[in-house]
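Remarks on the structure that follows.
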Amino acid sequence: MLIDETKSIYLQIAELIENDILSGTIEEDGQVPSTNQFAKVLQINPATAAKGINLLVDEGILFKKRGVGMFVSEGAKSMVLKKRRKQFAEIELPRLFHEAQAVQITKEELIQMIMELKEGRHNDNV
């Protein structure tokens, strides 16, 4: 479940929850797993799980119902989409662009590669 050795566990937990929100696995007003559930399944300290969940609470993506647990806020999916799009534009896209330049991939070739990937095809003759 958690596989990125370069990223803190609590950040990966936050991303797991965000992914479940984006996919519709957890809907708005839906309850997210408890810190103890995360700790048991992932074999981590509950405080680590709480840190990931609290990060999303701080961002307004989750909210706490006292004595019941954590739930997905109204509008959370659009908040996560906006956050992830910003991260993509500021982090992933520049990395892609710089690597494409380094290996001398033209804009046209890059667009073609993206279209092939989107269509489920991959050109190994690059």
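A few points about this structure:
- Computed [θ] at 222 nm, helices only, for the chain once each DSSP H run of length n ≥ 4 contributes -39500 (n - 2.57): -17000 deg cm²/dmol
- Relative packing of peptides 56-62, 23-29 - highest average C-beta neighbours within 10 Å first: 56-62, 23-29
- The angle between the Cα long axis of helix 9-23 and the longest principal axis of the Cα atoms of the chain comes to about 80 degrees, rounded to the nearest 10.
- [x] 30, 16, 14; [y] 35, 16, 13; [z] 26, 18, 14, with the label sought being that of the calculated semi-axes √(5λ) of the Cα gyration tensor in Å: [y]
- Virtual paramagnetic centre 7 Å along Cα→Cβ of Val57, amide N under 13 Å, in the range 13-39: 32, 34-36
- Evaluating 6.51 cos²θ - 1.76 cosθ + 1.60 at θ = phi - 60° for every residue in the range 58-71, the Karplus couplings come out as 4, 7, x, 7, 10, 9, 9, 9, 3, x, 10, x, 9, 9 Hz, glycine and proline recorded as x.
- Taken over the C-alpha atoms, the range 9-76 has Rg and Dmax values of 10.8, 31 angstrom.
- Calculated on alpha-carbon atoms, Rg and Dmax of the range 77-118 in Å: 12.6, 37
- Using the average count of surrounding beta-carbon atoms within 10 Å as a protection proxy, the listed peptides 36-49, 7-20, 106-119 rank, highest first, as 7-20, 36-49, 106-119.
- Close amide H contacts of Ser73 (hydrogens built in the peptide plane, cut-off under 5 Å, sequence separation of 5 or more or a different chain): Asp29, Leu62, Phe63.
- Taking Lys and Arg as +1 and Asp and Glu as -1, the other residues whose beta-carbon sits under 15 Å from that of Ser23 total -3.
- Nearest 10 degrees, 0 to 90: helix 93-102 Cα axis against the chain principal axis: 30
- Crossing angle, helix 107-118 versus the chain [Cα axis fit, 0-90 degrees, rounded to tens]: 50
Laboratory data are not the source of any read-out in this text; all were calculated from the coordinates shown. All figures in this text were calculated on a predicted structure; none of them were measured in a lab. We place every Cβ from the backbone using ideal geometry, glycine too, and count neighbours over all the protein chains shown.
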